[in-house]
Amino acid sequence: MKQMQIKLQHEQYKLTPSSSEPEPFIWIKEIRFYGDGFTNLRRAIKLRKGLNILWSTSTSSSGEKSKASGHAAGKSLFCRMIRYIIGEPTFANKHTTEEIQENFINGIIAAEIGLAGKTWLIVRPIGLWQKHSAYFNTTFDMLQAGTMPEPIPYKEFQEQLNRLFMAKYPLQKFPNTLEDISWNYIYPMLTKDQECRFNHPLNWREPESESEAKNPSYEKNSYIIRGFISDISTPEQDLIQKEEKLESEINRLKHDAPIRKYHYDAFKRYWENNLDSTLLAFEDQLFFDTAAQLLSTQIAKQTEMLEALKPSSKNNEALNRFTEAKGEETKIQAEYDKQTEDLEIARIRLRSLQGEPLKKAEEQIIDYAKALEPAPSFRCNTLIDEAIAHGCPCYQKHQLQHNIQWEAEKKKTNGLEIIAYKSAIEACERRLKEIEEKLQESRKKASDAKTIYVEEQSSTYEKMRSINQELRRLQQIQSTIEQGKKAFDEMDKTKTALDQQSKELDHLKEDIRELKKKSNQKDRLVAAFSHALRHIIDNHFYGKISFARNSMLLESRREDKEQDSAGYTSIKCVALDYAMLSLGIDGSIPHPRFLLHDSPKESDMGDEIYHSLFEYVKSMEDSFANKEPSFQYIITTTAPPPEKFQQEPYLINPVLDAAIPEKRLLGIDL
């Protein structure tokens, strides 16, 4: 694309067609309407590069012009069908679609079009037949000759159309949503709804048309136009995203830097209280290396001193004697505890035999002791049922003797048992006294052995405690040196990164400014817009264009005063379209150089100004001298065009007539 690097004023614009683009990116060569497949041809309309005028009028039965306009002749349907060919999902509103499908069940639209220098034949249904096809390098002549190639799905044609256009369009994603931009967002700008009435430069579709085309917000449509003139582009967008990331990272680093310094300063305050001042005089890395080496040497020395204080053989002997004495003490203590327990049980049993009441805890002690006693020597304790089942010979004997021996023992008097328990208790008390004397002796031996051991260890322990204390202090300082070095490295890394990224951000901003300076065609668009206004209205007019985030403002000024009536609004919208088309023709922007206007006269435009539209487009054609124009402009009108344009090659044949069904677009009254 030709890049204009000179800042243009509105007086300086002159259309000079680019020689690198000999024909429009996309244009309609011929469009046909068939009532039944490729038969029952209802209408065939040939179009040309340059200006094409579809005039729709209305005559009376006598042949005179009717007072009614040419509405309902099919001019808007014609525009809708062109939009249908280049990608729109529908060709009419619901009511008109049903009328057409009722009359032409197998009706189709076929169009021979140019796309990027290649010819395509596009076939889409308007009846109930739902096959959408595309034929590459195919013409209507080949259709009539029966030499058509195999079709491809219409969707593949759409994909190629989108790929070819987006390869030249500077903006690939909407900056506000990062949604992909495609041809489906572009063609509505080139083929505005009649219902929009040219009431806003960013209003391209109205819901009442039921087009189902992309109808995004004004913000997105603003980005579409800005993308055309490289006021914002994907390379610039990528740089802006990098800029935003850099600014975010720089803000993070600015936030981190004082925190890193505060952290490092905390270590420095600790070192000032724990290190030699001469060591602190060293700078940065030399300080860390010197401190680490010094501390390693001191720690190694303390470790050697600690190793030299290992216990001697004399210490080991004292420890062994203490261990043996403590073991003997523990053994006698266990014997003493057992004898004390037996004495307690015997005393409880004696009290029980004497008829004294027992506490519940004492009864439980008696029951537990009985459970631990072995069975009497004369009884095996085998269950009776089990003895019978196994044929135990003792069972019969038991039955005969009736436990004579057990019965005899049961008849012993309690007095004998009491005497026995008293005797046992006396013996137990004597034994307990003997054990207590031994326990006291063993405790003394253990205590003496411990004293000897502690005395042996005391001097060594004090030295080890002192060394360990110093060792822990040195190791703590060593740890702070390691952590402090990390803190210093992080602080230094943050500072370095902040400096580097700040410089990178400065360079990036300069790159963005340079990119805008080289590629932005806004000044040129304003110049072309002013050029169109002067030719359409008068030489005293000029225009201004400004973009807000979510809109676009067009100004038409005369002697520096804004002209802002409804009529001027539609003129500005048309002039903007012409300016964009002009920049596509001169190669400044990737405009498809195709434009369709459906009845701009309907938008409160006077006849003189309306006629100047045709003259302006004719002047665009004239700029090509003897060459074919590289653009296609189609305009429909119910008002008569200027007389010199009411003939070929500008006027499309036939002129539609709303009053005569045969002269309507499809040859019938819908």
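The values are calculated or read from the model by the stated rules, or taken from the named source; none is laboratory data. Since the structure is predicted, the reported quantities are computational estimates derived from the model, not experimental observations. We place every Cβ from the backbone using ideal geometry, glycine too, and count neighbours over all the protein chains shown. Only protein heavy atoms, including side chains, enter the accessible area calculation; ligands, DNA and RNA are left aside. Shrake-Rupley method; radii C 1.70, N 1.55, O 1.52, S 1.80 Å.
Here's the picture: charge each Lys and Arg Cβ at +1 and each Asp and Glu Cβ at -1 in the chain, and of P258, S479, T330 the one pushed furthest to the positive end of that dipole is S479.
Among the GluC sites (Glu not before Pro) found in the range 140-208, those both in a DSSP coil and sparsely packed, with 16 or fewer other Cβ atoms within 10 Å of their Cβ, are E179. The sum of -39500 (n - 2.57) across all DSSP H runs of n ≥ 4, divided by the residue count of the chain, sets its helix-only mean residue ellipticity at 222 nm to -18500 deg cm²/dmol.
Note on T290 and K261: with the Förster distance fixed at 25 Å, the Cβ-Cβ geometry gives a FRET efficiency of about 0.65. With R₀ set to 35 Å, the beta-carbon distance separating F140 from K14 gives a calculated FRET efficiency near 0.35. Between amide H atoms placed 1.01 Å from N, distances below 5 Å from L115 occur with W120, all of them 5 or more places distant or on a separate chain.
Using the empirical formula 2.2 N^0.38 Å as the baseline, the Cα radius of gyration of the chain reaches a ratio of 2.09.
Per residue, the range 498-539 exposes an accessible area of 53 Å² to a 1.4 Å probe, with every protein chain left in place.
Ligands, DNA and RNA aside, V123 has an accessible area near 0 Å² when probed at 1.4 Å.
With θ taken as phi - 60° and the Karplus curve 6.51 cos²θ - 1.76 cosθ + 1.60 applied, the whole-hertz 3J(HN,Hα) list for the range 273-286 is 8, 10, 10, 5, 4, 5, 5, 5, 6, 5, 9, 6, 4, 5 Hz, x standing for glycine and proline.
For the chain, the longest principal axis of the C-alpha atoms and the axis of helix 566-585 are separated by about 80°. Is the C-alpha gyration tensor of the range 80-194 telling us rounded, prolate or oblate? Criteria: a/c under 1.5 is rounded; beyond that, a/b larger than b/c is prolate, otherwise oblate. Verdict is oblate for the range 80-194. Computed over protein heavy atoms with a 1.4 Å probe, the carbon and sulfur contribution to the accessible area of the chain reaches 50%.
Of the trypsin sites (Lys or Arg not before Pro) found in the range 549-594, the ones in coil according to DSSP and having at most 13 other Cβ atoms within 10 Å of their Cβ are R549. Note on W27: accessible area is roughly 20 Å² with a 1.4 Å probe, heavy atoms of protein only.
Here the spin labels are modelled as points 7 Å beyond Cα on the Cα-Cβ line, and at L553 and K46 they lie 5.0 nm apart.
Spin-label model, K438 to L280: label points 7 Å out along the Cα-to-beta-carbon direction sit 6.9 nm apart.
Among the listed pairs K338/K444; K359/K422; K118/K601; K242/K268, a Cα-Cα separation exceeding 32 Å is found for K118/K601; K242/K268.
For the range 560-651, what class follows from the C-alpha gyration tensor (a ≥ b ≥ c being the square roots of its eigenvalues): rounded when a/c is under 1.5, otherwise prolate if a/b is larger than b/c, else oblate? Note, shape of the range 560-651 comes out oblate.
Scalar couplings 3J(HN,Hα) for the range 434-441, obtained by applying the Karplus form with A = 6.51, B = -1.76, C = 1.60 to θ = phi - 60°, are 5, 5, 4, 5, 5, 5, 4, 5 Hz; x denotes Gly and Pro. Treating r as the C-beta distance of K338 and A300 and R0 as 60 Å, the FRET efficiency rounds to 0.60.
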